[in-house]
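Here's the structure we're looking at; comments come further down.
Just so you know, all these numbers are worked out from the coordinates, no wet-lab data involved. As the structure is a prediction and not an experimental result, all values here were calculated from the model. Positions of Cβ are backbone-derived with ideal geometry, glycine not excepted, and every protein chain shown enters the neighbour counts.
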Amino acid sequence: MKSSQPFLLLLVLAGLVLFAPSSRAQAPAGAGSGAMSAFVGDAPSPKTSTTQLNVTYRQPTEKTKFRNYIYDTFGPVPVAEAFLVAAGNQYEHTPPEWGQGFNAYMQRVGSNFGMGAVTTTTRYLMAEAFREDTIYYRCECAGFLRRFKHAMIATVAARHGEDGHWLFSFSAVGASYAGSMATVYGWYPSRYGAKDGLRMGTYNFLGYAGQNLFLEFIYGGPRTLFGHLRRQNYSESDPTPTYPPPTSTH
């Protein structure tokens, strides 16, 4: 029963995407982001989408996509995530062959960071091959369920073409399983196999969904938790702050 839990969670995720109320607007021009909404300043001029989503979309340059890939792979978020997940693995003695102690913990940190690096690299390379834009764009829509649905759709879909229309993304879905399979067959104990890789890949994919929710509701634009905190901090000195703050291009 325990091994089927991640697949049940995937079914719940799919159901929430299908039955949540639809949104009419998605990404504001220039609101694109990678792991932390960092590098979108050199995107070309916006084009209005002709799809039913009725959005204004800026197709990112190759430089923008590569910088987002570097940040998603080596930035502070994947590093922090590797340490946090490793703490849970240490507590659960997973895998038990690695034992306990500081060295075992750092081995688990490296394992999780490696899985994340393979995942983001696979997503980037597949997106380049399929001409997809897998950068996360926050929703212009209002309401929790609409924003939640937007984040979930971005987990399984990517933007295509100059108008940024949505299509199912093999890059977004397949990358999570590429990362887990590389972990199982690359450095995990030999008793782990394909079944474990699928289970770990599903958890990896659910973590990707959680990252999108983090970007949508907690970190990023003016309607996120950090955005409200920044607005309070800037209110006395700067009545018209920008979100996110300007980033260096050097």
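Taking 0.36 nm per residue of separation and subtracting the Cα-Cα distance, full extension of the segment from Leu167 to Tyr91 would add 23.4 nm. For the pair Arg191 and Ile218, what calculated FRET efficiency results from E = 1/(1 + (r/R0)^6), where r is the Cβ-Cβ distance and R0 = 30 Å, to the nearest 0.05? Once rounded, the FRET efficiency stands at 0.20.
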